[in-house]
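Let me begin by presenting the structure, written as C-alpha cells, before commenting on it.
Nothing in this text is a laboratory measurement; each read-out follows from the coordinates by a stated rule. Bear in mind the structure is a predicted one, so any value in this text is a computation, not a measurement. Positions of Cβ are backbone-derived with ideal geometry, glycine not excepted, and every protein chain shown enters the neighbour counts.
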C-alpha cells in the first residue's frame with residue numbers, strides 16, 4: 001500500500017509516506033508555518049521514495065479536533081493534491097492518533113482516553129477501544145475542562161491508558177485519572193501513527209472524495225476576549 005499522511009493539528013507538523021513496509025518522514029514547525037512548508041515537504045518525500053503523486057492509493061490527513069489553522073491547511077492541501085491526482089482521501093480523527101501512539105509504545109494497550117490541549121484552559125478528549133478491525137470510538141471527540149474527563153464506567157476495573165500532550169499543563173487534573181486505573185502516557189499526534197490508522201480505515205472502505213473531506217471542529221470559539229484573558233490571569237495569580 002502507498003499512502004501519504006499529513007498531520008498539522010498542533011504546533012508540530014509531520015508528514016509521512018509509505019510504500020509497503022518502507023516509510024519516509026518529515027517533521028517541522030506547525031501552526032502558521034505549516035502553510036509555507038507543507039507542500040515542499042510532501043514533494044520532497046515523494047522524490048525520496050521515487051513515487052509520483054498519482055501512484056498513491058490515498059491521501060490521509062488529521063482532520064481534528066485541533067488548531068484551526070493547521071486543520072484547514074492539512075485539509076486544503078489534501079483536497080488539492082487528491083483532486084489533481086484523482087485520489088481518494090482518508091480524514092482521520094486526530095485524537096485517534098494519540099491512541100495509536102500509545103499502542104505503538106505499549107503493545108498491550110486496549111483502551112485509551114486521548115486528551116489534546118485545546119488552549120483556553122480546555123482539552124479535546126475522546127475514548128477508544130482497540131479491535132481486530134482497528135480503533136472503535138467509545139466517546140466521540142468533544143471539548144471540556146481538564147478536570148471533567150468522563151471515564152467509561154467499566155474502564156477503571158480493566159485498566160486503560162491516558163494518552164495526552166497536556167500533562168505538563170494540567171498535572172493535577174490529569175493525575176486524577178491515574179487514581180482510576182490509568183497508565184499515563186505522553187503523546188502527540190504523529191504522521192507515522194496516521195499511516196497505521198489510515199491503512200486500517202482504507203481496508204474498511206472509509207475513503208471519501210476530495211470534496212467530502214472536511215476538518216472536524218468541536219467548538220467555534222478559537223480565542224479568549226481581552227476580559228477573559230485578564231480574568232484567567234487574575235485567577236492564576238491568586239492560586
For the stretch 85-135, shape from the Cα gyration tensor axes a ≥ b ≥ c, cut at a/c of 1.5 then a/b versus b/c, turns out oblate
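In nm, what is the difference between 0.36 nm times the number of residues separating residue 148 and residue 129 and their Cα-Cα distance?
Working: separation 19, 0.36 × 19 = 6.84 nm, distance 2.00 nm.
Value of the extension gain: 4.8 nm.
For the chain, what does the relative contact order come out to in percent, with C-alpha contacts under 8 Å and a separation of six or more? Working shown, then result.
On the way: 492 pairs, mean separation 52.8, N = 239.
That works out to 22 percent.
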Can you give the convex hull volume of the alpha carbon atoms of the stretch 37-117 per residue, in Å³?
122
Can you compute the modelled spin-label distance between residue 137 and residue 203, with each label point 7 Å from Cα toward Cβ, in nm?
2.1
Using per-residue counts of other Cβ atoms within 10 Å, averaged over each peptide, order 95-106, 112-123 from highest down.
95-106, 112-123
What is the angle, in °, between the Cα long axis of helix 68-85 and the longest principal axis of the Cα atoms in the chain? Nearest 10 is fine, range 0 to 90.
20
With everything on Cα atoms, drop me the angle between helix 226-238 and the longest principal axis of the chain, reported from 0 to 90° to the nearest 10.
50
Helix 94-105: inclination vs the chain longest Cα principal axis, degrees, rounded to 10, gives 90
Over the Cα atoms of the stretch 15-57, compute the convex hull volume and normalise it per residue, giving Å³.
74
In percent, how large is the relative contact order of the stretch 95-186, given Cα pairs closer than 8 Å and 6 or more residues apart?
27
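After finding the eigenvalues of the alpha carbon gyration tensor for the chain, what semi-axes result from the square roots of 5 times each, listed largest first in whole Å?
Values: eigenvalues 189, 97, 42 Å².
Square roots of five times the eigenvalues give 31, 22, 14 Å.
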Does a label point 7 Å from the Cα of residue 1, set along Cα-to-beta-carbon, have any residues of the stretch 83-118 with amide nitrogen under 15 Å, and which are they?
88-93, 97, 100
Cα convex hull of the stretch 95-186: mean projected area in nm², to one decimal?
5.2
